[in-house]
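The values are calculated or read from the model by the stated rules, or taken from the named source; none is laboratory data. In this text the structure is predicted, and so the values were computed from the model without any measurement. Positions of Cβ are backbone-derived with ideal geometry, glycine not excepted, and every protein chain shown enters the neighbour counts. Calculation scope for accessible area: heavy atoms of the full protein, side chains included, ligands and nucleic acids excluded. Shrake-Rupley method; radii C 1.70, N 1.55, O 1.52, S 1.80 Å.
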Amino acid sequence: MIYPLCSLKPGQRGKVCFLRLDGAMRRRLFDIGLIEGTEIECVLKAMSGEPAAYCIRGSTIALRFDVTSQIYVKLTVKE
């Protein structure tokens with residue numbers, strides 16, 4: 001099943017299926033390696049849920065809800 005990235009809880013992982021973003025933000029995400037097939041893990045969420053920190057290719061990146069709600073992932077099992 002495919003879920004928006006914002007629905008992951010800390011400790012959950014997923015593989016990026018697609019992004020529904022355009023323009024500069026899409027390019028920025030591509031620049032940090034967030035493309036189809038990339039594994040991403042939710043590391044930490046603020047009490048309000050925004051921002052949230054994600055581990056992407058070994059780097060921890062904070063993303064806002066308006067971005068993470070447009071990134072869709074398939075949940076994977078943590079090894």
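Quick one: would you say Val43 is modelled with pLDDT of 95 or more, open to solvent by 40 Å² or more (accessible area, probe 1.4 Å) and touching a strand residue (DSSP E or B) at 6+ places or on another chain (Cβ under 8 Å)? Break it down stepwise before answering.
Details: modelled with pLDDT of 95 or more: yes; open to solvent by 40 Å² or more (accessible area, probe 1.4 Å): yes; touching a strand residue (DSSP E or B) at 6+ places or on another chain (Cβ under 8 Å): yes.
Answer is yes for this residue.
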(message) Condition first: touching a residue at least 60 places away in the same chain (Cβ under 8 Å) and touching a Cys at 6+ places or on another chain (Cβ under 8 Å). Now tell me which residues in the range 50-70 satisfy that.
(response) Thr68, Ser69
(request) Scan the range 4-28 and report the pairs whose first residue is under 11 Å from Val67 (Cα atoms) and whose second residue is of a type in the set (S, T, N, Q) and open to solvent by less than 70 Å² (accessible area, probe 1.4 Å), with Cβ atoms within less than 7 Å and a gap of 6+ or a chain change. (result) Pro4/Thr68; Pro4/Ser69; Leu5/Thr68; Cys6/Thr68; Cys6/Ser69; Leu19/Gln70; Arg20/Gln70; Leu21/Gln70
(request) State yes or no: is Leu34 touching a residue at least 40 places away in the same chain (Cβ under 8 Å), among the aliphatic types (A, V, I, L, M) and open to solvent by less than 40 Å² (accessible area, probe 1.4 Å)? (result) no
(request) With respect to Ser48, determine if the residue is open to solvent by 90 Å² or more (accessible area, probe 1.4 Å) and either under 11 Å from the mean Cα position of the chain (by Cα) or small (Gly, Ala, Ser) (or both). (result) yes
(message) Quick test for you: out of Lys78, Lys74, Lys15, pick the one residue that is open to solvent by 70 Å² or more (accessible area, probe 1.4 Å), over 10 Å from the mean Cα position of the chain (by Cα) and modelled with pLDDT of 95 or more.
(response) Lys74
(request) Inspect the range 57-68 for any residue being surrounded by 11 or more Cβ atoms within 10 Å (Cβ to Cβ), touching a Lys or Arg at 6+ places or on another chain (Cβ under 7 Å) and among the polar types (S, T, N, Q) and give the result as yes or no. (result) no
(request) All but one of (1) part of a strand (DSSP E or B); (2) open to solvent by less than 50 Å² (accessible area, probe 1.4 Å) hold for Leu21, so report the exception by its number. (result) (1)
